[in-house]
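So the structure is just underneath, and the comments pick up after that.
A short reminder: the numbers here are calculations on the coordinates, not readings from a lab. Quantities reported herein were computed from a predicted structural model and do not represent experimental measurements. Glycine gets a Cβ as well: all are built from the backbone with ideal geometry, and neighbour counts include every protein chain shown.
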Amino acid sequence: MPTARESLLEAAGAALAARPWPAVRMIDVAAAAGVSRQTLYNEFAGKTGLGHALVRRDAAWYLDGVDRALSAPGVMGVPGERVAAVAEWTVRAGRERPLVRALLTGCWNGNLPVPAGRGVRPGLPALGPDELIRGVRERARAVFGVREGDADRRAEEGARRCELAVRLALSYLIAPAEPPGADRAGLLRLLSGTSPRAEAR
């Protein structure tokens, strides 16, 4: 059974999918979650806190999907396949969820809640593209077997390619072209080929 916090986040996410954030009412979110408005305020202290929690939840949802793409059974032995799976997930996740799209691209508008730090106090760090891409790279590094001081350059190159794949996928979110996966063979060739930096070694 979900906790009150989880139920409230689900209800707030559903409300955000139906209307812009300024039109989402706390009383409606509480009613949809089956809890009192006081419980909502106890959990999140207000609408701003609820919005920040929604942003963090969607960031975690995206990174969980990256983990699944990197460890899918059908692609475990092929680094290029794993990297392409992360790129496809990035495009799909950004198209499905406006908060993920905003987090990945840094393009926020008045229809969405904003992450902690953004538009609140100058100088306070905000969750955004740099943090998510860093999270992708760390996950890729772990999957490709890179550790601190490890000299495995091929594994490090795999982590770099994964980051590149995400950055390429972001271009599809900003300037959509064909559906994700339309030219998967071309993407795999790009991501699996030897980089000029690797050839120079």
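Things worth noting here:
- For the range 1-45, a crude dipole built from +1 on the beta carbon of Lys and Arg and -1 on the beta carbon of Asp and Glu, taken about the Cα centre, is about 140 debye to the nearest 20.
- Estimated FRET transfer efficiency when R0 is 30 angstrom, pair Glu10-Asn109 (beta carbons, to 0.05): 0.85
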